[in-house]
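The values are calculated or read from the model by the stated rules, or taken from the named source; none is laboratory data. Everything numeric here is computed off the predicted structure, so don't read it as measured data. Positions of Cβ are generated from backbone atoms using ideal geometry, with glycine treated the same way; all protein chains shown enter the neighbour counts. Heads up: the accessible areas ignore ligands, DNA and RNA and are worked out on the full protein's heavy atoms, side chains in. Shrake-Rupley method; radii C 1.70, N 1.55, O 1.52, S 1.80 Å.
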Amino acid sequence: LKGLHMSQQFDVLVIGGGPGGYIAAIRASQLGFTAACAESNPYADPKGEPRLGGTCLNVGCIPSKALLHTSHLFEEANHSFESQGIKVGKASIDVPTMKGRKDGVVNQLTAGIKMLLKKNKVTFLAGHGSFVGKEGDFWKVKVGADEVLAKQVIVATGSKARHLPNLPVDQKIVMDNEGALNQESVPKKLAIIGAGVIGLEMGSVWRRVGSDVTILEAMPDFLAVADQDVAKEAAKLFAKQGLNIQTGVKIGDIKVTKKGVSIAYADKDGKEQKLDADRLIVSIGRVPNTDGLNAEAVGLKLDARGFVEVDGHCKTNLGGVWALGDVVRGPMLAHKAMEEGVMVAELLAGQAGHCNFDTIPWVIYTSPEIAWVGKTEQQLKADGIAYKTGKIPFMANGRALGMGEPSGFVKMLACAQTDRILGVHIIGANASELISEAVVAMEFGGASEDLARICHAHPTLSEAVHEAALACDKRPLHF
Ligand code: FAD
């Protein structure tokens, strides 16, 4: 094509190098397409190029888990070591070192994605992607100062934190996830607005290292998306740990003062309250990222909330344009974005690309962890589905007691008629890993009896999943 270098013409161009985008590009290349991935992350790597990995690797999943790990060890050192006969005196926290280790993990992983692209022959394009229009069979997309032609374009531009109106985020006093993950010292008093996954994880990190944390949540129910049995247990355990969570509040004026922030709010009884804190984390959800994509100019349809409109196969209203991950409907989870990335690439290759939205696991990396897959009990009730329940506390699990982690339970919900597993809900140590067994079982259309008949290693936490399956048939052996 005239005026264009051949290397700027691709079968597949992915806009966005987060987990959805880089996976789509790698899978497309594996399937024989020429593929490129454009990324405009303002945070540069040591070479001065935009970092790959998106929200997940830079300011999401990975850094939060690194801080959760360090802060968990710190809490163990101060609150659990002594009871096990380990005397180390009072541990203190060095926040810059904790942050430095987190940054090291992020650097290593984001650089690793660049290597993965190279290894898989995906061309990395540094720059903001913006639709120009059609040119024959190709879509023309501006990436930075260059123009790129691609037969298929995958929009994987992700999401960004939702902010409160009239409250600028300076990432020092008023923060979103980016500032929350990069604090250089422990705030004495930390306020968090939003008791969702991010609010709870960030609240846990900073509480463990010494902050007095108050989380204000507008919804009347705590963790409304989770099974309410799990949510109740979590509320009890978090309160015991010292996380002050208030639900059903109505946020009023927020003033940034010389000393920090002052938040006026009405509590659940309608009483006017004031919360003064050194810093505030705003974690009230995330909004799709379509800034500067020029979606309107090419007629790419967005829904009422600004998400790119797609069908179950991530097809947009435009031929040859796909969208996936946080910028489209569905849960904002990295593994959901990656699944969709694989699906779209395989569909492009004429394969039966598929993403089962009913078996996407959810995890909250608090202590104890919370994880679930499938329907909650309240959803089954609302749908009028008859179910049976098997519930086993970790208190009845030898490994959990040995680890000093007796809190929580495994709850399995199976169809009353067919015994098919409909949902599994875990609150307890390593719930993030334990949930995989339930996901596999559900993917295979398994029944609780299938899990009940499978040999589980002893002593392991997974025996609680086994016992919950047995309990669905009212025959647990250890409870
Ligand atoms: P993103 O990761 O947001 O990536 C999109 C990329 O596109 C970005 O790098 C952006 O710079 C780039 N981009 C945007 N527009 C353009 C453009 N026009 N041109 C070029 N590039 C562009 N999920 C989990 O599953 N597990 C967790 O534990 C977890 N923890 C989280 C913790 C926090 C604090 C946060 C904020 C999120 C967490 N998430 C977690 C959610 C997870 O990070 C997202 O679901 C995931 O990153 C979505 O992937 P994505 O590829 O759709 O978008």
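Annotation note: trypsin sites (Lys or Arg not before Pro) in the range 18-124 located in DSSP loop regions with a Cβ neighbour count of at most 13 within 10 Å are Lys47, Lys87, Lys90, Lys121.
Each residue of the range 399-407 was assigned a 3J(HN,Hα) from its phi angle through the Karplus expression (A = 6.51, B = -1.76, C = 1.60, θ = phi - 60°), giving 5, 4, 5, x, 7, x, 10, x, 6 Hz with x at Gly and Pro. What percentage of the solvent-accessible surface of the range 170-311, computed with a 1.4 Å probe over protein heavy atoms, is contributed by carbon and sulfur atoms? The computed percentage sits at 51. What a 1.4 Å probe finds exposed on the range 1-138 is 57% carbon and sulfur by accessible area, rounded to a whole percent. Taking all protein chains as shown and a probe of 1.4 angstrom, Ser436 keeps an accessible surface of around 60 Å². Full extension of the chain between Gln108 and Lys134 yields a length gain of 5.5 nm, computed as 0.36 nm times the residue separation minus the alpha carbon distance. Label zone (Glu433, point 7 Å along Cα-to-C-beta; backbone nitrogen cut-off 13 Å) within the range 443-460: 457, 459-460. Taking 0.36 nm per residue of separation and subtracting the current Cα-Cα distance, fully stretching the chain between Val88 and His354 would add 90.6 nm. Rounded if a/c is under 1.5, else prolate if a/b is larger than b/c, else oblate: which is the chain, with a ≥ b ≥ c the root eigenvalues of its Cα gyration tensor? Oblate is the answer for the chain, as a/c is 1.5 or above yet b/c matches or exceeds a/b.
Charged neighbours of Gly423, selected by a Cβ distance under 13 Å, balance to +1 (K, R count +1; D, E count -1). Charged neighbours of Asp212, selected by a Cβ distance under 14 Å, balance to +3 (K, R count +1; D, E count -1).
For the range 227-383, the solvent-accessible area with a 1.4 angstrom probe is 47 square angstrom per residue. Taking amide H as placed 1.01 Å from N in the peptide plane, the amide H of Gln152 sits under 5 Å from that of Val12, Leu13, each at least 5 places away or on another chain. Taking a ≥ b ≥ c as the square roots of the eigenvalues of the alpha carbon gyration tensor, the range 262-414 is oblate, as a/c is not under 1.5 and a/b does not beat b/c. Using alpha carbon centroids, what distance separates the range 173-247 and the range 272-322, in Å? Each part's Cα centre sits 24 Å from the other's.
When both bridge partners sit in the range 176-263, DSSP labels roughly 25% of those beta bridges antiparallel. Taking every protein chain into account, the accessible area of the range 81-122 amounts to 69 square angstrom per residue (probe 1.4 Å). Subtracting the Cα-Cα distance of Ser80 and Glu443 from 0.36 nm times their residue separation leaves 126.9 nm of extension gain. Expressed to the nearest 5 percent, the antiparallel share of DSSP beta bridges inside the chain is 60 percent. With 31 Å as the limit, the listed pairs Lys90/Lys258; Lys99/Lys160; Lys119/Lys142; Lys114/Lys189; Lys65/Lys236; Lys142/Lys172 have Lys90/Lys258; Lys114/Lys189; Lys142/Lys172 beyond it between alpha carbons.
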